[in-house]
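Taken together, the values in this text are just the output of simple stated rules run on the coordinates, not laboratory data. Values in this document were obtained by computation on a predicted structure and should not be read as measured data. Backbone-built Cβ (ideal geometry, glycine too); neighbour counts: all protein chains shown.
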Amino acid sequence: MKLDNVVIVLGKRLVNSRLTVEGVTRVEALSNTIASLPTERTAIIFCGGLTQGQRISEADAMYSYFKSLNAVAVHPFPEHQVLLENRSLNTFQNMRYASRVLCDSGLFQLWSARPVEVTLLSNDYHLERIIEIQTLMDEQGLLRVLKSECASMGVTLNLPLDINKHISVPYPHKGPMAAAFLLLDELTTYRVYLEGVKQGAFLRDLSVVRKKPLMIARHAIQQLLALPLDKDSLQQIEDMKKAIEMTALDESVGAAEQALRIVHPILTALNRRLDPESIH
């Protein structure tokens, strides 16, 4: 029998080739949810490739832990319905490569009129951002990539934009650094807006597209500047603030490119530096 459900477990960077607390919570949430899934009709895809400095991919690390939990489960999940996407280095690639793994697996009927139901599994902030970007800027959304790639290979997906339809795992960290990490993640939405302007992705009025992402970015920066962070981090946040405010008035591609040259590297560096799971 062909399957018609899939759970896509999104990866998180490993530390010393091991799952972090976030990674562990994702796998444990999956293990705890399996009993409520239509197991005989469901596949699981673990996503995440081999990142720099690690000896194992995120997908393989999650699968290894899942196997240990599955081995002692009352109703173990069928191993042949577990798929690995272990090439991706970011969430965009998660979606692109997962679509190929899904369609090439032979577990799903190609060119069927019946859609495959998709459940995403990740920590809450990660799913919130994916769905927020998809809702505000469909042109730039990652889920659009997953759906279109699968459709081109003969699989229609039903992928709801309601976080309650997915497996949202509570973020496990507390404290100022955790707060900063989550606020920095909120700035991803505006970075995606800038990338869309640079690529000419939006055919709509940019002031309409920009309104909500700009509001989210301003609120996040205001809260970040109020946190007890080190002087260098606060200065970098101020630099991002200036770049973002410049594009609030100037809609040109040149302004978006200039802002991205500032925002993208700072956001990437601070995301790593202030992640409670990073090694400093």
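Sorted ascending by nearby beta carbons within 10 Å, beginning with the fewest, THR91, THR247 become THR91, THR247.
When both region 166-229 and region 1-61 are represented by their alpha-carbon centers, they are found 25 Å apart. In terms of its C-alpha gyration tensor, region 169-217 comes out prolate, because a/c is 1.5 or above and the ratio a/b outweighs b/c.
Full extension of the chain between LEU234 and SER278 gives 14.0 nm of extra length, using 0.36 nm per residue less the Cα-Cα distance.
Which chymotrypsin sites (Phe, Trp or Tyr not before Pro) in region 104-158 sit in a loop by DSSP (not H, G, I, E or B) and have at most 10 other Cβ atoms within 10 Å of their own Cβ?
TRP111
A dipole drawn for the chain from +1 and -1 charges on Cβ atoms has a positive end, and of LEU107, LEU249, LEU143 the residue lying farthest that way is LEU107.
From the C-alpha coordinates alone, can you work out the Kirkwood hydrodynamic radius of region 97-252, in Å?
That comes to 17.6 Å for region 97-252.
Around VAL21, what is the net charge, scoring Lys/Arg as +1 and Asp/Glu as -1 over all other residues with Cβ under 13 Å from its Cβ? Summing Lys and Arg as +1 and Asp and Glu as -1 gives +1. Summing Cβ point charges (Lys, Arg +1; Asp, Glu -1) relative to the Cα centre of the chain gives a dipole of roughly 180 debye. Please check: in the Gaussian network model of the chain (C-alpha springs, under 10 Å), which one of GLY175, GLY254, GLY48 has the largest mean-square fluctuation. Looking only at GLY175, GLY254, GLY48, the largest GNM fluctuation is found for GLY175.
What per residue convex hull volume, in Å³, do the alpha-carbon atoms of region 87-165 yield?
95 Å³
Net charge in the neighbourhood of ARG100 (other residues with Cβ under 13 Å of its Cβ; Lys, Arg +1, Asp, Glu -1) is -1.
Computed over region 5-169, the convex hull of the alpha-carbon atoms projects to a mean area of 9.1 nm².
Between the residues PRO170, LEU187, PHE202, the greatest Cα displacement towards the positive end of the dipole of region 169-212, with unit charges on the Cβ of Lys, Arg, Asp and Glu, is found for PHE202. For the chain, DSSP calls about 5 percent of its internal beta bridges antiparallel.
Each principal axis of the Cα atoms in region 104-143 has its own extent, and those three values, largest first, are 32, 23, 16 angstrom.
Within the shell of other residues whose beta carbon sits under 13 angstrom from the beta carbon of LYS211, the net charge comes to +2, with Lys and Arg scored +1 and Asp and Glu -1. When Cα extents along the principal axes in Å is computed from the coordinates, the matching label among (1) 43, 42, 40; (2) 58, 51, 27; (3) 56, 42, 31 is (3). Note on LYS212: aspartates and glutamates with a C-alpha under 13 Å away, same-chain residues under 8 apart excluded, are GLU132, GLU186. Label separation (GLN199 vs LEU37): 2.9 nm, computed from points 7 Å beyond Cα along the C-beta direction. The Rg/Rh ratio of region 176-274, with Rg taken over Cα atoms and Rh as the Kirkwood radius over Cα pairs, comes to 0.97.
With a ≥ b ≥ c taken as the square roots of the eigenvalues of the C-alpha gyration tensor of region 37-76, please select rounded if a/c is under 1.5 and otherwise prolate if a/b is larger than b/c or oblate if it is not? In terms of gyration-tensor shape, oblate. Run the Debye formula on the Cα coordinates of region 28-120, all scatterers equal and no solvent, and tell me log10 I(q)/I(0) at q = 0.17 1/Å. Calculated log10 I(q)/I(0) at the listed q: -0.80. Return the FRET efficiency for the residue pair VAL74, ASP138: r is the Cβ-Cβ distance, R0 is 35 Å, and the value is rounded to the nearest 0.05. Working from the Cβ atoms, E equals 0.25.
Charge dipole (Cα centre; +1 on Lys/Arg Cβ, -1 on Asp/Glu Cβ; no other charges) of region 5-169 amounts to roughly 300 debye. Sorted from greatest to least, the principal axis extents spanned by the alpha carbons of region 5-48 come out as 35, 18, 10 Å.
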